[in-house]
Amino acid sequence: MRHDPVTEPPEGPLAIAMVSLHANPLAAGSATAQEVSQHVAHLAAGLVGLGHDVVVYTRRSDPDSPAEQLSGTGFRVVNLDAGPARPLSPEDSHPYVGEFTDRMRAHWTHSPPDVVHAHFWLSGLAAVLAARETGVRVVQTFHEFARGSAPGAAQRAKVERMVALAVDHVITPTSSRLAHVVRMGVPRPSITVVPSGVDTTTFRPDGPRAERGLPHRLVVPGEPVARSGFATALRAASTLPETEVVMIGAGLHSQDGTALRALVHDLGLTGRVHLTGPGTPEERAALLRSADVVVCPQQHDGFCIPAIEAMSCGVPVVAAPVGGLADTVVDQVTGVHLSQHTPRELAMVLRPLLGNPGMREQLGVAGRDRAVHRYDSARVAAEAELVYRGDHATADIALPK
């Protein structure tokens, strides 16, 4: 971990610099960027609610966006010029990390932060470089890690390990990612699990519900890639009568969603399947409330926010127990874990749930309770604040598991 002297944050309100290079919390983006931006937005809003000043630094991805924006929940977003002013993948953003770092460091000379919290590996690299020799505490959250077969994965893995060993503390949203960071060589006392949080007042059981056209509705969040489990959900739904499916995610109407739309047609589900983007939090909440069950059939350690939002709305979640979903969804308490990634297994789990409103209500009530007591954004922000102040031991036990 970092060896140069670190200045302890002051007592009272903190000036917090969040670094989210490729995921602007006020803009739409790819599925991965959307999940990171939602995480950052929820956490920043929770910290503002605790009285802190939060500035999110991101790369300008829209030529019309102003230099600085104020969110509706009180945090500021600074758009830094680094590379072309259009959306870029993390891999395509890599060449512009140096330019981004220089501009962020220049901004800090006028508005120095008390603590820096970086999200995703590229943001961590920029934060480490910008904070060098400043004495500012740097905290890093890894939302996902390099996958062995992906292009550039080996180089990315090296950067991730370098960042993990260079920062003052690492936050992981799930226990599964904690184990990965330990394998990087980071001492266990320098790692804290702080989950993603959601606004449990926006995502609540009572409120507007989106209209639906059939007696039963499944909502399936994710992205149009093979490991999302979308195909599994569609094949299962094709065997369930009087059931419609709403798929929520970035890129569903883009070229990436072409194969998915073709599968809908081939399964004879046209008219029963609706594809939509993430929308606003209020729009997502209305869609989730309209569901009988939310299905998270992904086959990789992805993001848990959709499952948490569903639980907060009092909707049971059926999920593959991979990565963070194994932490988030409690089997037979707030939802059901899938033992196999097959359409047959998913259909067998869904049939009794769709036919038993009492069971759905029981799971939904427990899910709401877990969301409020474990994942409310204000409580998660309070735990992050403990990490910022160096109170790591307290942070690890601050919230009920």
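The values are calculated or read from the model by the stated rules, or taken from the named source; none is laboratory data. Note that this is a predicted model, so its numbers are computed, not measured. Positions of Cβ are backbone-derived with ideal geometry, glycine not excepted, and every protein chain shown enters the neighbour counts.
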> Can you tell me which of 270, 280, 276 is polar (S, T, N, Q) and more than 17 Å from residue 248 (Cβ to Cβ)?
Replying inline: 270
>> Under 6 Å between Cβ atoms, which residue pairs at least 6 apart in sequence (or on different chains) link something in the stretch 124-142 that is of a type in the set (Lys, Arg) with a partner that is assigned to a loop (DSSP other than H, G, I, E, B)?
In response: 137/6; 137/168
> In the stretch 252-271, which residues are charged (D, E, K, R), within 17 Å of residue 229 (Cβ to Cβ) and more than 23 Å from the chain's Cα centre (by Cα)?
Replying inline: 261
> (1) on the phi < 0 side of the Ramachandran plot; (2) at pLDDT 95 or above; (3) in contact with a strand residue (DSSP E or B) (Cβ under 9 Å, 6 or more places away or on another chain): which one isn't true of residue 36, the others all being true?
Replying inline: (2)
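Please determine, by comparing only the residues of the stretch 308-325 that are over 11 Å from residue 375 (Cα atoms) and assigned to a helix (DSSP H, G or I), which one is farthest from the chain's Cα centre (by Cα).
Step one: list which residues in the stretch 308-325 are over 11 Å from residue 375 (Cα atoms), which gives 310, 313-325.
Subsequent filtering for residues that are assigned to a helix (DSSP H, G or I) retains 310, 324-325.
On the way: 310: 14, 324: 10, 325: 12 Å.
Within the stretch 308-325, the match that is farthest from the chain's Cα centre (by Cα) is 310.
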>> Checking residue 336 against (1) of a type in the set (A, V, I, L, M); (2) crowded, with 22+ Cβ neighbours inside 10 Å; (3) outside the structural domain of residue 286 (by TED's automatic domain parsing): exactly one of these is not met. Which one?
In response: (3)
> So which of 285, 291 ends up being under 17 Å from the mean Cα position of the chain (by Cα), crowded, with 17+ Cβ neighbours inside 10 Å, within 26 Å of residue 201 (Cα to Cα) and modelled with pLDDT of 95 or more?
Replying inline: 285
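So, of the residues in the stretch 318-333 that are in contact with a strand residue (DSSP E or B) (Cβ under 6 Å, 6 or more places away or on another chain) and surrounded by fewer than 20 Cβ atoms within 10 Å (Cβ to Cβ), which turns out to be modelled with the highest pLDDT? Can you show your working first?
Filtering the stretch 318-333 for residues in contact with a strand residue (DSSP E or B) (Cβ under 6 Å, 6 or more places away or on another chain) gives 318-319, 321, 325, 329, 331.
Remaining after also requiring surrounded by fewer than 20 Cβ atoms within 10 Å (Cβ to Cβ): 321, 331.
Values: 321: 89, 331: 97.
Once the filter is applied, the top-ranked residue is 331.
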> Can you name every residue in the stretch 243-297 that is without any contact (Cβ under 8 Å) to a residue 60 or more places away in the chain and of a type in the set (S, T, N, Q)?
Replying inline: 254, 255, 258, 270, 276, 280
> Do you know which residues across the stretch 84-116 are within 18 Å of residue 156 (Cβ to Cβ) and either buried (at least 17 other Cβ atoms within 10 Å of the Cβ) or among the basic types (Lys, Arg) (or both)?
Replying inline: 88, 90, 93, 94, 96, 97, 100, 101
> If we only count helices (runs of 4 or more DSSP H) wholly inside the stretch 76-132, which ones have 3 or more residues that are at pLDDT 95 or above, closer than 17 Å to residue 170 by Cα and of a type outside the set (Val, Ile, Thr)?
Replying inline: 121-131
